[in-house]
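S.K.: Let me give you the structure first, and then I'll get to my questions.
The values are calculated or read from the model by the stated rules, or taken from the named source; none is laboratory data. These figures come from a predicted structure and were not determined experimentally. With ideal geometry, Cβ positions are generated from the backbone for all residues, glycine too; neighbour counts draw on all protein chains shown. Ligands, DNA and RNA are stripped out before the accessible areas are found, and what is left, the full protein with its side chains, is counted by its heavy atoms. Shrake-Rupley method; radii C 1.70, N 1.55, O 1.52, S 1.80 Å.
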Amino acid sequence: MASPIVRFAPSPTGRIHAGNARTALYNWFFAQKEGGKFILRFDDTDEARSTREFADAIEEDLAWLGISPNRIERQSLRLASYEEAAEGLKAAGLLYPCYETPEELERQRKRRLGRGLPPVYDRRALKLTDEERAAFEAEGRQPHWRFLLPNFSDDPFATVRTERSWEDVFRGPQSVDLASLSDPVLVRGDGTFLYTLPSVVDDRDMGVTHVLRGDDHVTNTGVQLALFEALQATPPAFGHHNLLQTEAGEGFSKRYESLSLAALRRDGIEAVALAAYASLIGTGQSVQPVNDLAELVALFDPTKVNRAPARFSVGELKNLNSRILAHLPYEVVSERLEEAGVKGGETFWHAVQGNIEKLADAAFWWRVVRDPIEPAIEPEDADFLRQAAELLPEEPFDETTWGTWTQAVKEKTGRRGKGLFLPLRRALTGATSGPELRELLPFLGRPNTLARLCAPCSGTETP
């Protein structure tokens, strides 16, 4: 295969979500695996809703994921190319003006359904005379323009190929029968372009070789293949992956702000965790911890992506996030730990990384060992903790100190198991669970440890 060129074409009308990330990642994986290029192309022809702020935010989200585009394109800068293509289609009789209002089109649709016919546009605009068109425009109607699909002929003896077929990168052999579709509107009454024409013109002009997107675009592909033919251009290969759904079974959309990449990032989700989860669920491969995108590139196999939608669980994502943090090398997180005020270095990271759900939890445990806390001490444990304080070894502390100390406490008090360890943990950390105390004790230090053990010893001299 020649080096592929793929594109991710979001509309900058909001932040991208985990479902968008799935499409972006699949395109990125495909390009990386085949030594190709990745184009970020903003579908920003909707001037009313598209903003540069959202476009910048999408670039930021992709960079956080680890995706670095080879080039960035904006459809708002390419309007002349779409105008030229539209004029060529008009000249060829393949783009024709229609004057129906939405209400009139709805009535036509209902009439066809009532007659047992498919609810497709009946092409009555093709039969309008010049005088009828002029009359409509005199009323103030501006035409929208439909693309004449090669889906039927008035000539009963004509042979018209109505199916468009392709070998789908994800789904194998696919076809769409254009006879079941209405001629699509490519240009609105105000002269602005809908999605289809700019997309095809851009793919042609930018040399896109593979279009990988969600399976909600399968029908669009049949139309686009016909449009490539009309423009006398070679179409790219197409691939349609399954979509993500919420846990409630609903489709993803920008209204689910909590599933946006920005929100997930704020919630402490690691980029590599989201990339792994968003790309591996709904496939024949297990969702597994990885260290970087390179591992996901190696795992990527379009033929293993399932047909059915995949349910996206935030709980499962958080679990994967925790599993990934448990194995992340210190050098990957060192700068972020420093920024969060964690000064314990690699030793502290190894002490806590197996007991955190997000990186910010490491800062929590650093505060636990370095800042004053309120020990959680039951009245019946006060005497036990006083005896433990009397047996605390001198510094320096290391990972053997905890075992030496608790063995001495066990022999002195007769306590063992939960009765021995839980009161110590509650006194030293204020919590009932957390990282191994044998690893935290050197960071607590002797003065801190004594102060917490003796918190209930009011008026008693510290040992």
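S.K.: Counting only residues that are without any contact (Cβ under 8 Å) to a residue 24 or more places away in the chain and either open to solvent by less than 40 Å² (accessible area, probe 1.4 Å) or not acidic (Asp, Glu) (or both), how many does region 410-427 have?
M.R.: So the count comes out to 10.
S.K.: What is the residue count in region 362-382 for residues that are modelled with pLDDT of 95 or more and touching a Ser or Thr at 6+ places or on another chain (Cβ under 9 Å)?
M.R.: Number satisfying all stated conditions: 3.
S.K.: For region 279-320, name all the residues that are open to solvent by less than 60 Å² (accessible area, probe 1.4 Å), part of a helix (DSSP H, G or I) and out of contact with any strand residue (DSSP E or B) (no Cβ under 7 Å at 6 or more places or on another chain).
M.R.: Of everything in region 279-320, those that are open to solvent by less than 60 Å² (accessible area, probe 1.4 Å), part of a helix (DSSP H, G or I) and out of contact with any strand residue (DSSP E or B) (no Cβ under 7 Å at 6 or more places or on another chain) turn out to be Ser279, Leu280, Leu293, Leu296, Val297, Leu299, Val314, Gly315, Leu317, Leu320.
S.K.: Quick check on my filter: what residues within region 23-42 are within 23 Å of Pro12 (Cα to Cα) and touching a helix residue (DSSP H, G or I) at 6+ places or on another chain (Cβ under 8 Å)?
M.R.: Listed by number, the residues that qualify are Ala24, Leu25, Tyr26, Trp28, Phe29, Lys37, Phe38, Leu40, Arg41, Phe42.
S.K.: Filter region 424-463 down to the residues that are over 25 Å from Gly344 (Cα atoms) and either of a type in the set (Asp, Glu) or modelled with pLDDT of 95 or more (or both) and list them by number.
M.R.: Selection gives Glu461 alone.
S.K.: Of (1) surrounded by 16 or more Cβ atoms within 10 Å (Cβ to Cβ); (2) over 30 Å from Val169 (Cβ atoms), Glu374 satisfies all except one. Which?
M.R.: Glu374 satisfies all of (1) surrounded by 16 or more Cβ atoms within 10 Å (Cβ to Cβ); (2) over 30 Å from Val169 (Cβ atoms) except (1).
S.K.: Okay, next question. Condition first: out of contact with any Asp or Glu (no Cβ under 8 Å at 6 or more places or on another chain) and assigned to a helix (DSSP H, G or I). Now tell me which residues in region 96-122 satisfy that.
M.R.: Pro102, Glu103, Glu104, Leu105, Glu106, Arg107, Arg109, Lys110, Arg111, Leu113, Gly114
S.K.: Right, next: May I ask you to say which residue of Leu385, Leu437, Leu391 is of a type outside the set (S, T, N, Q), crowded, with 16+ Cβ neighbours inside 10 Å and without any contact (Cβ under 8 Å) to a residue 24 or more places away in the chain?
M.R.: Leu391
S.K.: Then there's this: Only one residue in Asp168, Asp177, Asp190 is surrounded by fewer than 19 Cβ atoms within 10 Å (Cβ to Cβ), among the charged types (D, E, K, R) and touching a strand residue (DSSP E or B) at 6+ places or on another chain (Cβ under 6 Å), so which one is that?
M.R.: Only one candidate qualifies: Asp177.
S.K.: Separate question: Would you pick out the residues in region 356-371 that are open to solvent by 30 Å² or more (accessible area, probe 1.4 Å), more than 14 Å from Phe443 (Cβ to Cβ) and not charged (D, E, K, R)? Steps first, please.
M.R.: Of the residues in region 356-371, the ones open to solvent by 30 Å² or more (accessible area, probe 1.4 Å) are 357-358, 360-361, 364, 366-367, 370-371.
Subsequent filtering for residues that are more than 14 Å from Phe443 (Cβ to Cβ) retains 357-358, 360-361.
Passing the criteria: only Ala360.
S.K.: Looking at the structure I just gave you, is Lys110 in contact (Cβ under 8 Å) with a residue 40 or more places away in the chain, out of contact with any helix residue (DSSP H, G or I) (no Cβ under 9 Å at 6 or more places or on another chain) and open to solvent by 40 Å² or more (accessible area, probe 1.4 Å)? Spell out how you get there, then give the answer.
M.R.: Working: in contact (Cβ under 8 Å) with a residue 40 or more places away in the chain: no; out of contact with any helix residue (DSSP H, G or I) (no Cβ under 9 Å at 6 or more places or on another chain): yes; open to solvent by 40 Å² or more (accessible area, probe 1.4 Å): yes.
Answer is no for this residue.
Residues checked against (1) open to solvent by 20 Å² or more (accessible area, probe 1.4 Å); (2) closer than 19 Å to Val176 by Cα; (3) assigned to a helix (DSSP H, G or I):
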| position | (1), (2), (3) |
| --- | --- |
| Leu212 | no, yes, no |
| Phe228 | no, yes, yes |
| Gln232 | yes, no, no |
| Ala263 | no, no, yes |
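S.K.: Across region 328-343, which residue is surrounded by the fewest Cβ atoms within 10 Å (Cβ to Cβ) among those that are closer than 11 Å to Ala362 by Cα and within 26 Å of the chain's Cα centre (by Cα)?
M.R.: Once the filter is applied, the top-ranked residue is Arg336.
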